[in-house]
1. Against the definition (surrounded by 13 or more Cβ atoms within 10 Å (Cβ to Cβ) and of a type in the set (S, T, N, Q)), how does residue A:103 come out, yes or no?
2. Report whether or not residue B:50 is closer than 14 Å to residue B:101 by Cβ and either buried (at least 16 other Cβ atoms within 10 Å of the Cβ) or of a type in the set (Lys, Arg) (or both).
3. Looking at the range B:63-76 only, could you name the residues that are surrounded by 13 or more Cβ atoms within 10 Å (Cβ to Cβ) and either of a type in the set (Asp, Glu) or in contact (Cβ under 8 Å) with a residue 40 or more places away in the chain (or both)?
4. Of all residues in the range B:36-59, count the ones that are of a type in the set (D, E, K, R) and at pLDDT below 90.
5. Which fully enclosed helices (runs of 4 or more DSSP H) of the range A:41-147 have 2 or more residues being away from chain B (no Cβ under 13 Å) and in contact (Cβ under 8 Å) with a residue 12 or more places away in the chain?
6. Quick check on the range B:108-124. Is at least one of its residues crowded, with 17+ Cβ neighbours inside 10 Å, within 14 Å of chain A (Cβ to nearest Cβ) and of a type in the set (D, E, K, R)?
Amino acid sequence: MVHLTAEEKAAITGLWAKVNVEETGGEALGRLLVVYPWTQRFFDTFGNLSSPSAIMGNPKVKAHGKKVLTSFEDAIKNMDNLKDTFAKLSELHCDKLHVDPENFRLLGNVMVIVLASHFGKDFTPQVQAAWQKLVSGVATALSHKYH
Amino acid sequence: MLSAQERAQVAQVWDLIAGHEAPFGAELLVRLFTVFPTTKTYFGHLGSCLDEVALLNHGQRMLMAVGVAVQYMDCLRAALAPLATMHAQMLRVDPANFALLSHCFQVVLASHLQDEFTVEMHAAWDKFLAEVAEVMSEQYR
């Protein structure tokens with residue numbers, strides 16, 4: 001269960017308001033697939049993943065990245081109740097998609113790096129700390145229904 | 001093992017940091033301690049109140065060691081042997097923390113380089129820092 005202070009929540013929502021969900025999602029997922037190539041195991045049907053530029057430009061990667069980040073919006077709207085918010089998605093990732101929850105942690109950290117690159121100095125240590133708490137909370141919530 | 005291309009990426013980024021080891025190192029430590037407070041347990045010897053001077057000094061030390069690693073990417077084990085011994089016998093930092101440091105390092109790079117922190121640089125640095133971490137903990141047991 002993640003406990004975010006009012007300040008941390010403000011830091012998160014303040015940054016989120018300026019995030020381009022479509023582009024950021026695609027970039028985060030793309031970077032995950034490039035930096036940790038073994039994560040490509042879940043995306044056999046995505047076509048050309050043969051090089052960093054192929055991955056970053058792949059339309060299926062971009063579309064799926066957008067989908068993932070859009071669902072992150074739910075996290076931000078329900079920061080006090082991540083477990084319930086992601087219960088169904090957790091079941092899906094366990095029972096149908098068979099994704100090792102370690103991948104949620106990897107993606108969360110890649111997202112933090114992408115946000116840092118977009119927001120530069122505004123991505124202060126305190127803002128980073130708030131976001132790390134959130135991505136960690138989402139990763140935990142997504143693994144909650146695993147069995 | 002880093003490819004020739006990856007080594008070039010690592011060196012290219014280092015050129016941007018060289019000369020600024022102290023402020024980058026200080027920021028790295030601030031991020032590490034802020035985001036992962038448990039890491040502070042290893043820095044009691046710096047004093048209970050980590051002021052700017054202590055952070056700059058220790059940050060510079062750490063980044064200069066990274067600079068050595070960059071310079072001797074072809075023979076990391078030999079170049080980092082004294083540091084590896086120190087970590088094994090004296091510091092005994094749990095290896096899980098090296099991943100936390102590596103992550104915060106990449107956040108520092110990303111926030112300073114922004115658009116210039118390309119996906120290729122990101123991949124090369126993650127791999128490079130993982131290799132450094134491996135060398136650091138090699139003598140642990």
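1. yes
2. no
3. Residues satisfying the conditions are B:63, B:64, B:66, B:67, B:69, B:70, B:73, B:76.
4. Within the range B:36-59, residues that are of a type in the set (D, E, K, R) and at pLDDT below 90 number 2.
5. Hits in the range A:41-147: A:59-77, A:82-85, A:87-91, A:102-119, A:125-143.
6. Yes, the range B:108-124 contains at least one residue that is crowded, with 17+ Cβ neighbours inside 10 Å, within 14 Å of chain A (Cβ to nearest Cβ) and of a type in the set (D, E, K, R).
Per-residue answers, yes or no, for (1) crowded, with 18+ Cβ neighbours inside 10 Å; (2) touching a helix residue (DSSP H, G or I) at 6+ places or on another chain (Cβ under 6 Å):
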| site | (1), (2) |
| --- | --- |
| A:42 | no, no |
| A:83 | no, yes |
| A:98 | no, no |
| A:108 | yes, yes |
| A:127 | yes, yes |
| A:139 | yes, yes |
| A:145 | no, yes |
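Conditions (1) among the charged types (D, E, K, R); (2) at pLDDT below 95; (3) in contact with a Phe, Trp or Tyr (Cβ under 6 Å, 6 or more places away or on another chain), marked per residue:
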position	(1), (2), (3)
A:110	no, no, no
A:113	no, no, no
A:116	no, no, yes
A:121	yes, no, no
A:126	no, no, no
A:135	no, no, no
A:141	no, no, yes
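The values are calculated or read from the model by the stated rules, or taken from the named source; none is laboratory data. Every value quoted in this text rests on a predicted model; they were computed, and no experiment measured them. As a convention, Cβ positions derive from the backbone with ideal geometry for all residues, glycine included, and neighbour counts pool all protein chains shown.
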